[in-house]
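Just below is one structure, and these are the notes that go with it.
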Amino acid sequence: MRETALPGLAASPPLPAAHLPLERAGRLPPAAALPGSRAPASGRPGPPAGGSARCPAPVHLRSAVDSSVRRAAGLREVSPVGAGEGSPAGREGSPGFPVAASPGNGQDSPAGAGIVAGDYILYARDVHKTFRPSAGVAGEIRALFRGRDDRDGVRAVRGIDLGVRRGESLGLVGESGSGKSTLGRILSLLYPPDRGSVLFEGKDAAGFGRAERSAFCRRVQFMFQDPASSLNPRLTAFRTLSEGLAIHRLGDRRARKARVEGLMEEVGLDPSLLERYPHQFSGGQRQRLCLARALSLDPEVLIADEPSSALDVSIQAQIVNLLLAAKTGRGLTLVTISHDLALVSLISGRIAIMYGGLLMEVIPREILGRVEHHPYVKALWASAEYSQDTGAELILEGEPPDPQNPPGGCPFHPRCPEAAGDCRTEAPPMKEGPPGRFTACHFR
Amino acid sequence: MTEPPNAPLPDTAPPLLEIRDLAIGFGDGDYLPVKGLDFRLAKGEVAGLVGESGSGKSLTAYGIMGLLPFGARYRRGEILFQGRDILKLPLAVRRALSGSSMGMIFQEPLTALNPVLTVGEQVAEIFRIRLGQHRREARESACALLSQVGLPNPRAAYASYPHRFSGGMRQRVVIAMALALDPDLVIADEPTTALDPTIALQIIRLLKDMTYQRGAGVLFITHNLRLLSGLAERIFVMYAGLILEETGGGGMAAPLHPYTRGLVAAHPPNPSENSGKSLVPIPGQAPGPRDRLPGCPFAPRCPERDEACSRSLPELLPAPGGGRVRCFRREDAGA
Ligand SMILES: Nc1ncnc2c1ncn2[C@@H]1O[C@H](COP(=O)(O)OP(=O)(O)OP(=O)(O)O)[C@@H](O)[C@H]1O
Ligand code: SF4
Ligand code: SF4
Ligand SMILES: [Mg+2]
C-alpha cells in the first residue's frame, strides 16, 4: 500500500494512508470538522447540493441513479407528501435514537428497544418511499414498456426501521421490487424518505446543513448496481477516481495522483491502466474501478448494491473478497444489498430480509438456519440450498406482491403456506426472539 | 408421471443430438468464440452446459437452433440431430425441422414475445401455422397449453399482452411456445437468470415436469453450476469455446478439471454450510474470442499448470466415472 500523505497543503488536511480511515490515521480532526465543512466556512462554494435531505451525488452518478432504475423509468420522486405525519412530534429535533417501538406499519423497531446511542452509525426510522408516476402520454408509454401501470404510485418502502451498527457487515436481501435498493438509497440520502427519517450518528439528516451533508456524502458511499452504467464513459480511470477528491477539494494534483494509484493497487488494478476509459476495461475490472471510486474519499460506511450480480462467478468471488478486504483493512461498515442469500450470508454478520417493502426478519448470521424462520425466509433459504437430493423441492407458489397495490395485512399472506385468518387483515408486528433476531409473523 | 425415458440407448440408435468439432466464428477467421465442441445428448436426457459469459454458450445454442446472429458463420464441424447432419440440409428443410422438433427458451422472455400480439394469439399461431388448425381449434389448444404451464386464468391470459405479465409469467408463456409442438429437443438459455430465486425454482420445476412428460431432451445453459447439480444428469463445462470437462450430474461434488474445481470453489456454498468459509476466486480472466493460446486455454489462470500446458492443446479424453476431461494432468487429479 502506498503512503499518500499530502505534502504541505495549508488549506486541505493531509490524506492518510489509503487503507486507514482518515480519523484513525490520526491526521484529521474528528468527523464533524472534516473537509466538506471547510468550504462554506471559508466562504467558498461547497459541492453541489441536492434537495433538502439529499446527498449531492457527483454529476455523472446522478445519471447512474437513473439508469440503474431504468426498470422504473418514468416515475419521478414527489416532494415528500405528508412528510412528518406519523413521526411523533416528541422525536423532532431530539438528538436521539428510537428507544421504543416505532409506528412503522405496525412494525416494532428491529434494532430493539433500549439500544445505546453510539451503537448505530446509520439508522432508518420508520422510513416510507412512494414513487409517483409522471403524467401524460410519455408516462403511458413508459407504463406500457415497463409492463405495468404505475399511476397509483409504487410503494417501494412502506415503513422500515433498521439500524446499521458501526463496523458491522449488514446484508440486505430481497427479491426484485422488494425495496432493498430503495432502502439502501434512503440510507445514503440519495432519496429523501417521504416519511420517517434517517439518523446519522444520532442526528436527523433532514436537519443537515450544507457542511454536514457534504461530510455525510464523503463518509457514506453508495456503490451502484451496474458498473457499466455508473461509470462515466468519457472519463478516464484517473478522472473517475480523482473526481471525488476534486469535488471535496482534497489534495493537489500530485497528491491525488498518489492516492489514486494507491487505490488502483488496493483493488488489484495496475496503475498503468489509469489513462484508460471504462469501455477498455472488462466487467470485473469496471466493478473494481467502482469500488476504488467508492473508497476514494475514505468513507466509513459503504453501501454496495448488488456488487457482484452482473459478474461471472469466478470474478464475483474476486470482488467479494476485495470488499471484505476493504472492510477489514479499513474498518469499514459494510452494507451489502443482494438478492442472493447464499452470498450475503457468507459475508454478513447480520442479515435483514425484505419483502413487499417491509422487513420480514433481521437475524444474526450465527443463528441463520438454526431458528424457526419467518415463512418467507424459509422459502428463500430453500431456494439458496441447492443440493443433489432435494433439487428444487421446497417451492413457493404465486408471485411477489404488486408494489402498486400491496396486499393488506402481512405482505406475504397470498403466498404463505401458513397463512391464517389474521394474516389477511393485520400486519404482524416485529418481535424479538431469540435475542438479536427480529421477525414479523403472527406465528413466530 | 412417467419414468424419465433416459435408460441407456442401444448402441445402434443415434443419440438425439451429437455435436462434432463445431466451430462458429464472426467475420475474419480470427474471431472464433466457439472453437471446437464435441458432445452428445441422449433422447430424453437433461444435460447442462455451464460456462462463464463469453465462453460461447449462447452461440452454441443459436448454432444448434439455426438462429445464428448476423455475421456469425459455421466454420467447422457437424450437428447431427437424430442422426442427420442438419448443417447439410437445405435451409428450408432445416428451418422446418428446427421449428417443429426443437424448442428454445431465452433468458429474457420479452425478446421471444411479440409485444403487439396477445399472448394467446402468439401461442395459437403456432398451432395454426405449423399444424394447420382452425382458428377456434388453435385457440382451444393454446388455452389448454397455457393452463398446463400454470397460468392461473388461461382465458384471461390468452387475451393479454406480454407486457402485462411479470417476468415469471412471461417465462411460462415462452415455455408454452417452446413446447407447443412436442419437440424432441428443448434448449433453455439461462431461462431463470433474470428471475427471482423463488420464481426461478417454479420455472425450473415446470420445465422439468413438462419435458419429462414429453420425453424431450433438454440442454440447459447456465452460468450457475449450483443450479445444475439438482437438475442435470450430465454436465458439460465450457470455457473459451471448448468443453473442458464432461461429468454426470453428481460429478460436481468431485470435479476433475482444475477449472471446474476453481468454479466450484468460487460459488457461494449453501448457507447451511458456509459459516467460516470464504470464496476462492479464480485469478485473472478468461481469454477472449480473439486470443490464440497454443496450449490449454486455462493455463494462464491454472494453479496446476506446468510448461507442457502452454505448448499444445490437451485433448478431451475419457476419465474414470464415465466423464471426459481436457487436461494434461488429469491423472494427477485422481482421474
Ligand atoms: N426512481 C424510481 N422511480 C420510480 N420507481 C422506482 C424507482 N426506484 C425504484 N422504484 C420501484 O420501487 C420498487 C422497489 O425497487 P427497488 O429497486 O428498491 O427493488 P430491488 O429490491 O432493489 O429490486 P432489484 O433486485 O430488481 O434491483 C420497484 O417496484 C421499482 O420499480
Ligand atoms: S403473518 Fe401469517 S401470512 Fe405472514 S408470514 Fe406469518 S403466517 Fe404467513
Ligand atoms: S492442461 Fe495444464 S493448464 Fe490446463 S487445466 Fe490441466 S494442468 Fe491446468
Ligand atoms: Mg436492486
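Okay, here's what the table says:
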quantity	calculated
A:Pro227, sole failed condition from (1) modelled with pLDDT of 90 or more; (2) within 16 Å of ligand 1 (Cβ to nearest atom)	(1)
Residue within segment A:414-425 that is within 11 Å of another protein chain (Cβ to nearest Cβ) and surrounded by fewer than 24 Cβ atoms within 10 Å (Cβ to Cβ) present	yes
Answer from B:Asp184, B:Asp189 - the residue that is surrounded by fewer than 23 Cβ atoms within 10 Å (Cβ to Cβ), touching a Leu at 6+ places or on another chain (Cβ under 7 Å) and acidic (Asp, Glu)	B:Asp184
Sole exception among (1) more than 7 Å from chain A (Cβ to nearest Cβ); (2) modelled with pLDDT under 90; (3) at negative phi for B:His257, by number	(2)
Criterion (at pLDDT 90 or above, surrounded by fewer than 20 Cβ atoms within 10 Å (Cβ to Cβ) and more than 7 Å from chain B (Cβ to nearest Cβ)) met by exactly one of A:Gly356, A:Gly408, A:Gly349, A:Gly398	A:Gly349
Within segment B:16-41, tally of residues that are part of a loop (DSSP other than H, G, I, E, B), surrounded by fewer than 21 Cβ atoms within 10 Å (Cβ to Cβ) and touching a residue at least 60 places away in the same chain (Cβ under 8 Å)	1
The one condition in (1) more than 8 Å from every other protein chain (Cβ to nearest Cβ); (2) in a loop (DSSP other than H, G, I, E, B); (3) closer than 24 Å to B:Ile24 by Cβ; (4) of a type outside the set (D, E, K, R) that B:Pro303 fails to fulfil	(3)
A:Gly171 being crowded, with 23+ Cβ neighbours inside 10 Å, within 14 Å of chain B (Cβ to nearest Cβ) and farther than 16 Å from A:Lys129 by Cα	yes
Members of segment A:261-316 found to be free of Cβ contacts under 8 Å to residues at least 12 places away in the same chain and either within 16 Å of ligand 2 (Cβ to nearest atom) or farther than 28 Å from B:Ala194 by Cα (or both), listed by number	A:Asp270, A:Pro271, A:Ser272
Pick from segment A:171-196, criterion within 6 Å of ligand 1 (Cβ to nearest atom) and not in a helix (DSSP H, G or I), ranking: nearest to A:Gly356 (Cα to Cα)	A:Ser178
Flag if A:Gly369 is within 7 Å of chain B (Cβ to nearest Cβ) and modelled with pLDDT under 85	no
Residues (touching a helix residue (DSSP H, G or I) at 6+ places or on another chain (Cβ under 7 Å) and either more than 30 Å from A:Ser309 (Cα to Cα) or modelled with pLDDT of 90 or more (or both)) located in segment B:52-71	B:Met65, B:Gly66
Meets criteria (more than 14 Å from every other protein chain (Cβ to nearest Cβ) and away from ligand 2 (no atom under 16 Å from the Cβ)) for A:Arg330	yes
B:Ser272 within 8 Å of another protein chain (Cβ to nearest Cβ), assigned to a helix (DSSP H, G or I) and more than 26 Å from the chain's Cα centre (by Cα)	yes
Yes/no for A:Ser383 being within 16 Å of ligand 1 (Cβ to nearest atom) and closer than 21 Å to B:Ser275 by Cβ	yes
Test: residue in segment A:145-161 that is more than 14 Å from chain B (Cβ to nearest Cβ), over 20 Å from A:Pro406 (Cα atoms) and in contact with a Phe, Trp or Tyr (Cβ under 8 Å, 6 or more places away or on another chain)	no
Test: residue in segment A:236-248 that is in contact (Cβ under 8 Å) with a residue 12 or more places away in the chain, farther than 28 Å from A:Ser338 by Cβ, assigned to a loop (DSSP other than H, G, I, E, B) and in contact with a helix residue (DSSP H, G or I) (Cβ under 6 Å, 6 or more places away or on another chain)	yes
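Conditions (1) buried (at least 22 other Cβ atoms within 10 Å of the Cβ); (2) closer than 17 Å to A:Gly262 by Cβ; (3) more than 10 Å from chain B (Cβ to nearest Cβ), marked per residue:
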position	(1), (2), (3)
A:Leu291	yes, yes, yes
A:Leu295	yes, yes, yes
A:Asp305	yes, no, yes
A:Asn321	no, no, no
A:Val344	yes, no, no
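A quick yes/no check of all residues on (1) of a type outside the set (Val, Ile, Thr); (2) modelled with pLDDT of 90 or more; (3) over 19 Å from B:Phe106 (Cα atoms):
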residue: B:Arg136; (1), (2), (3): yes, yes, yes
residue: B:Ser141; (1), (2), (3): yes, yes, yes
residue: B:Leu145; (1), (2), (3): yes, yes, no
residue: B:Val149; (1), (2), (3): no, yes, no
residue: B:Asn153; (1), (2), (3): yes, no, yes
residue: B:Ala159; (1), (2), (3): yes, yes, yes
residue: B:His163; (1), (2), (3): yes, no, no
residue: B:Arg172; (1), (2), (3): yes, yes, no
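To keep it simple, each residue is scored yes or no on (1) surrounded by 18 or more Cβ atoms within 10 Å (Cβ to Cβ); (2) touching a residue at least 40 places away in the same chain (Cβ under 8 Å); (3) aromatic (Phe, Trp, Tyr).
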residue	(1), (2), (3)
B:Ile221	yes, yes, no
B:Ser229	yes, no, no
B:Gly248	no, yes, no
B:Cys296	yes, no, no
B:Cys302	yes, yes, no
B:Pro314	yes, no, no
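The values are calculated or read from the model by the stated rules, or taken from the named source; none is laboratory data. All figures in this text were calculated on a predicted structure; none of them were measured in a lab. With ideal geometry, Cβ positions are generated from the backbone for all residues, glycine too; neighbour counts draw on all protein chains shown.
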